[in-house]
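The values are calculated or read from the model by the stated rules, or taken from the named source; none is laboratory data. Keep in mind that this is a model prediction, so the values were computed, not measured. Note: areas computed on protein heavy atoms with side chains; ligands, DNA, RNA excluded. Shrake-Rupley method; radii C 1.70, N 1.55, O 1.52, S 1.80 Å.
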Amino acid sequence: MAWLLLQRLYLNLYTTSTDECRDHRNFQGLLMPETESLKLATTWDELPSTLGRSFRSEYLRVDQDRVDGFEFGTYIDENVHAMDGDLYQPGLIEGFHLLGLFDHLANGVLYVEDPHWAGWNYGFDHVRFVSEVTTRDRIRLSGTVSAIEARGHRYLATLDCILEVEGREKPGAVAIWKVMWTRTSEESNG
């Protein structure tokens, strides 16, 4: 529970505009210091018990070919009014690419052990790209389940997330992520 409160405090740091953003250095030590991943696996019936529990992925380094593929797949490489490349560090990973990695990073550490379920992206209530992340950095996703809401035979989970950058106090991004967990077979949706 203490981690949840500290993480909320850290997320609240970035709810203001960029001009009003308070100094992140006042919140040193809020990122999970552990080096190992932390799995949060549960059964379907026990999903409500994940409230307040934390998860943490393994570190990942994004290869330049993945950055190039993202830019190609999202047509960023064809933008008519592209930003001057001199403004960015070499190997910069675009913010929307970082968001797209949340699913991959969470997949191995936040899941239901029962067969016939799926987690669907429901959206984000809050996202801030706090510091630049490049292909030289190693990142991981850590977070806490801050809400679980039953919706018929489904559950809407709210995840308070921090995209940590190895060796850095300031994260790459913070977000409140919504995921709809649902049963995938008709008999389990009863």
At a probe size of 1.4 Å, how large is the accessible area of residue 116, to the nearest 10 Å²? 100
Difference of contour (0.36 nm per residue) and Cα-Cα distance, residue 77 to residue 60: 3.7 nm
For segment 141-190, what % of the accessible area comes from carbon and sulfur atoms, probe 1.4 Å? 41
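Let me check something: with ligands and nucleic acids excluded, how do 122, 75 order by accessible area (1.4 Å probe), largest to smallest?
If we order 122, 75 from most to least accessible, we get 75, 122.
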Return one whole number: the accessible area per residue of segment 55-190 in Å², for a 1.4 Å probe. 54
